Amino acid sequence: MDEVYEKVIGKTKLALLQGDITRQATDAIVNAANSRLMGGGGVDGAIHRAGGPEILEECKRIVAQIGRLETGKAVITTGGNLQAKYVIHTVGPVWHGGGRREAELLASAYRESLKLADERKLKSVSFPSISTGAYGYPLAEAAEVALSAVVDFLHNTATSLTEVYFVLFDSNSYRTYASKLA
């Protein structure tokens, strides 16, 4: 990672960087989870592997209480062995062509994650690009929805957050988000 793209929105720094979200030292990292919260592929599997069994045990307790986590909703667990103290698990939409409220549900996943971070009075949070892997959401459209939702939240909410990062795994994702944020 050589480049970091930053903007300040209110009192919060919004930054894009290319890297591995499991290595972020923010107060919380966001997991692009499945509705069962049991780990999986991509970011979800990487977070569960790096964070250890404590995260999965908390996820099991949450699922026992609420059942499946609905698309666009979020819950929070310990960070386990991660540098981040917490993991915010959110379920993004599966892409079906854009006619099934995908943009609305994706924006909700980001907003609900930010609300949880703010409720816990966290100072920093790192997001992956939600729904753009196995869920098939087109990257450019997802970046636009993600950045709009986060910028809108930061503009319209008196928040404890001073730093919000998008940690993008590859250079194509980084360039796409940077062009949308510009």
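FYI, it's all coordinate maths here, none of it is from the lab. Quantities reported herein were computed from a predicted structural model and do not represent experimental measurements. Note that each Cβ is placed from the backbone with ideal geometry, even for glycine, and that neighbours are counted across all protein chains shown.
Over 30 Å between Cα atoms, which of K7/K60; K11/K180; K11/K60 qualify?
K7/K60; K11/K60
At what distance in angstrom do the alpha carbon centres of the range 90-111 and the range 30-82 lie from each other?
18 Å
Out of the DSSP beta bridges found with both residues in the chain, what percent are antiparallel (nearest 5)?
40 percent
Would you calculate a helix-derived [θ] at 222 nm for the chain, using -39,500 (n - 2.57) for each DSSP H run of n ≥ 4 and dividing by the full residue count, to the nearest 500?
On the way: 5 runs with 71 residues, N = 182.
Calculated mean residue ellipticity at 222 nm is -12500 deg cm²/dmol.
Evaluate the charge dipole of the chain about its Cα centre and quote only its size in Debye, nearest 20, assuming +1 on the Cβ of each Lys and Arg and -1 on the Cβ of each Asp and Glu.
Working: 20 positive and 20 negative charges, 73 e Å.
Result for the chain is approximately 360 debye, rounded to the nearest 20.
On full extension of the chain, what length is gained from A134 through R36, given 0.36 nm per residue of separation minus the C-alpha to C-alpha distance?
Using 0.36 nm per residue and subtracting the Cα-Cα distance, I get 33.7 nm.
Return S179, S148, S131, S173 ranked ascending by Cβ neighbour count within 10 Å, so the fewest neighbours appear first.
Going from least to most buried by this count: S179, S148, S173, S131.
How far is it, in nm, from the label point at E119 to the one at R49 when both lie 7 Å from their Cα along the line to the Cβ?
3.1 nm
If each residue's Cβ is checked for other Cβ atoms within 10 Å, how do T22, T132 rank with the fewest at the top?
So the ranking, lowest neighbour count to highest, is T22, T132.
For the residues V91, V75, V4, what sequence is obtained by ranking on other C-beta atoms within 10 Å, fewest first?
In increasing order of surrounding Cβ atoms, one gets V4, V75, V91.
Pick the calculated Kirkwood radius over Cα pairs in Å for this structure from (i) 15.9; (ii) 18.7; (iii) 17.6?
Working out Kirkwood radius over Cα pairs in Å from the coordinates points to (i).
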